[in-house]
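Asker: A single structure is presented below for examination.
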Amino acid sequence: MSAFTPLTATQRLGRKLRVNVMSESSRFGMTAQGEHTAFLDCIDLMATHPDLEIHVDDRETCDLLHSHSWGPFYLLRGASYKRRRVFTVHALPETAEGALPLMNSATRPIIRAYLTAIYNFSDVVIAVGPATAESLRKLRVRSRIEVIPNALRKDRFFPSAELRKRGRMRVGVADNRPLILGVGQLQPRKGIADFAEVARRLPEAQFIWVGGRPFGAFSAGISEINRLIAHPPTNLRFAGTFELTQMPMIYNAADCMLFPSFQENCPYAPMEAAACGLPVIFRDLPEYRLLYRSEYLAASDVAGFTRLLREILERPLLRKLYSQASLRLAAYFSPAQFIESLAQVYDQLACGAAGSS
C-alpha cells in the first residue's frame, strides 16, 4: 500500500496525472549546478508517486508543466499550459546579480522585471525556503507561493570509509593530511576569495574548491577569479567539476566543508556534505536561520571561519560532535515530505484547472 496520499485529480481523470518536468540546464550544458540537481531529483522522486506519470521536457502537452528554469523555452512551452504551470524558484534577482557580469544600474531593473514576469507567468511558485518566499512577496509576486525545500537523496549521500578512500585517491590527498572542501560555481558571490584567505591562514591543511562556470564567459567576476586561480595559496587547488555520481566520494574525502557563500536560497552542496557526515561551516546569513531547524556552525568573516576550522582540525572529539550535528541537520530534508508536498500542489492545481476550464 502506498505511503502517499491518493490524488483527487487522478480519481477525476481515471488515470495517472501526467506532469511534464522541464529545465533548460541540459539544453544549454549547465549541468554542474544546483538547479540541474533539483531538476533530476524532482524527476526521480516524483516518479515514485503511484498517481503520477512524469514526463521529461515533453513536446506533447501533459496535464501540468513544472519548470526548474526561467529561460525562453519555459515561456514558449508554457503558453499551452494556461492555469497549469508550476515553477520552482532557484534564482532570485539577487542571485542573478551575483552570477552574471552584465548586471549593473542599467540592466538590473530589466532582469528584475523579467524574473518577476516569469514568477507571475506561473500559476504556483515553489519557494525552496522561507527567505525565498519572503523575497517573492517583496517583489509583489501575484502567483500562489508554496514553500517546499529541496530534498536530499540519502540513498546517494552518506558517510562511507570506502568512499573516503576512493575520494582521497581521486583528488590526490594523503590520508593523514586534513582536507577542507569548498563547492560552488566560480563566482565572487560564492565567497571564493575568503576561502582562499582561510587557506593562507591554515597552511597545514589542503584546501580544494570544486566547481565551474555554467554561464561560461557570461559569469560574474571572471577576471577576479582567474587571477586567484592563476596565483592561489600553495595549499589551495581548484579541481574543476565532477559528475554528480562522483560527488559522494569527493565529500567523504574531506574532513570539513567551508561554505562561505554570500547569498543562497536552499543550497544543495552543504546539505550533501552534511549527509556524508562532514562538519559544515556556513557564512552567518539570515536565510539559513529561517531554513535550518537544527544547530549548525556559522561565522561572519575570515577570522571566524579560521577559528572554527582550527578547532575542528585540532580536536577530534569536537569534529565528531559537529559531524553528528550535520547528520541531524541533513535529516530534515526528507524526500518523502518533498514528494508528498509537491504532489499535493500538483493535485490542487490540476483540480482547479479542470474546474475552471
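The values are calculated or read from the model by the stated rules, or taken from the named source; none is laboratory data. On a predicted model such as this, the values are computed, not experimentally measured, just so you know. Cβ sites come from the backbone with ideal geometry, for glycine too, and all protein chains shown count toward neighbours. When the accessible area is computed, the model is the full protein with side chains, heavy atoms only, and any ligands, DNA or RNA have been set aside. Shrake-Rupley method; radii C 1.70, N 1.55, O 1.52, S 1.80 Å.
Asker: Please verify whether the stretch 138-145 includes one or more residues that are closer than 24 Å to Leu45 by Cα and small (Gly, Ala, Ser). Write out each step before concluding.
Answerer: First pass over the stretch 138-145, keeping only residues closer than 24 Å to Leu45 by Cα: 144-145.
So of that shortlist, the ones also small (Gly, Ala, Ser) come out as none.
Scanning the stretch 138-145, I find no residue that is closer than 24 Å to Leu45 by Cα and small (Gly, Ala, Ser), so the answer is no.
Asker: Another question about this same structure. Ala298 - would you say it is within 30 Å of Val147 (Cα to Cα), among the small types (Gly, Ala, Ser) and touching a strand residue (DSSP E or B) at 6+ places or on another chain (Cβ under 9 Å)?
Answerer: Numbers: within 30 Å of Val147 (Cα to Cα): yes; among the small types (Gly, Ala, Ser): yes; touching a strand residue (DSSP E or B) at 6+ places or on another chain (Cβ under 9 Å): yes.
So Ala298 fits the description; yes.
Asker: Also: Say we look at the stretch 178-208 and pick out the residues that are in a loop (DSSP other than H, G, I, E, B) and at pLDDT 95 or above; which of these is farthest from Lys165 (Cα to Cα)? Please lay out each step first, then the result.
Answerer: The first filter runs over the stretch 178-208 and keeps only residues in a loop (DSSP other than H, G, I, E, B), leaving 178, 184-187, 191, 202-205.
Those left that are additionally at pLDDT 95 or above: 178, 191, 202-205.
Details: Pro178: 13, Gly191: 28, Leu202: 23, Pro203: 23, Glu204: 20, Ala205: 17 Å.
This residue is Gly191.
Asker: If Arg137 satisfies every condition in (1) part of a loop (DSSP other than H, G, I, E, B); (2) out of contact with any helix residue (DSSP H, G or I) (no Cβ under 9 Å at 6 or more places or on another chain); (3) without any contact (Cβ under 8 Å) to a residue 12 or more places away in the chain; (4) not hydrophobic (A, V, I, L, M, F, W, C) but one, which is the exception?
Answerer: Failing condition for Arg137: (1).
Asker: Quick test for you: out of Pro260, Pro279, Pro203, Pro188, pick the one residue that is open to solvent by 10 Å² or more (accessible area, probe 1.4 Å) and either among the hydrophobic types (A, V, I, L, M, F, W, C) or in contact with a helix residue (DSSP H, G or I) (Cβ under 7 Å, 6 or more places away or on another chain) (or both). Explain how you work it out, then say what you get.
Answerer: Details: Pro260 fails: open to solvent by 10 Å² or more (accessible area, probe 1.4 Å); Pro279 fails: open to solvent by 10 Å² or more (accessible area, probe 1.4 Å); Pro203 fails: either among the hydrophobic types (A, V, I, L, M, F, W, C) or in contact with a helix residue (DSSP H, G or I) (Cβ under 7 Å, 6 or more places away or on another chain) (or both).
Of the residues listed, the single one that is open to solvent by 10 Å² or more (accessible area, probe 1.4 Å) and either among the hydrophobic types (A, V, I, L, M, F, W, C) or in contact with a helix residue (DSSP H, G or I) (Cβ under 7 Å, 6 or more places away or on another chain) (or both) is Pro188.
Asker: When Phe39 is evaluated against the numbered criteria (1) out of contact with any Asp or Glu (no Cβ under 9 Å at 6 or more places or on another chain); (2) modelled with pLDDT under 95; (3) part of a helix (DSSP H, G or I); (4) surrounded by fewer than 22 Cβ atoms within 10 Å (Cβ to Cβ), which criterion, by number, is the only one it fails?
Answerer: (4)
Asker: Being assigned to a loop (DSSP other than H, G, I, E, B) and open to solvent by 90 Å² or more (accessible area, probe 1.4 Å) is the filter here; which residues of the stretch 140-169 pass it?
Answerer: Taking the stretch 140-169 first, the residues assigned to a loop (DSSP other than H, G, I, E, B) are 140-143, 148-160.
Within the stretch 140-169, Arg140, Arg142, Asp155 qualify.
Asker: Considering each of Phe305, Phe338 in turn, give the residue that is within 18 Å of Leu202 (Cα to Cα), assigned to a helix (DSSP H, G or I) and of a type in the set (Phe, Trp, Tyr).
Answerer: Values: Phe338 fails: within 18 Å of Leu202 (Cα to Cα).
Answer to the selection: Phe305.
Asker: Same structure again: Picking from Ser334, Ser357, which residue would you name as being open to solvent by 70 Å² or more (accessible area, probe 1.4 Å) and at pLDDT below 95?
Answerer: Details: Ser334 fails: open to solvent by 70 Å² or more (accessible area, probe 1.4 Å).
Just a single option satisfies the conditions, and that option is Ser357.
Asker: Now for a different question. Find all pairs meeting these conditions: Cβ atoms under 7 angstrom apart; at least six residues apart or on different chains; first residue within the stretch 182-193 and under 16 Å from Gly304 (Cα atoms) and small (Gly, Ala, Ser); second residue assigned to a helix (DSSP H, G or I) and open to solvent by 10 Å² or more (accessible area, probe 1.4 Å).
Answerer: Ala193/Leu228
Asker: Determine if the stretch 209-221 includes at least one residue that is buried (at least 19 other Cβ atoms within 10 Å of the Cβ) and assigned to a helix (DSSP H, G or I).
Answerer: No, that holds for no residue.
Asker: Oh, and also: Could you say whether any residue in the stretch 64-81 is touching a His at 6+ places or on another chain (Cβ under 6 Å) and either surrounded by fewer than 20 Cβ atoms within 10 Å (Cβ to Cβ) or closer than 22 Å to Cys266 by Cα (or both)?
Answerer: Of the stretch 64-81, the ones touching a His at 6+ places or on another chain (Cβ under 6 Å) are none.
The answer is no, given that none of the residues of the stretch 64-81 is touching a His at 6+ places or on another chain (Cβ under 6 Å) and either surrounded by fewer than 20 Cβ atoms within 10 Å (Cβ to Cβ) or closer than 22 Å to Cys266 by Cα (or both).
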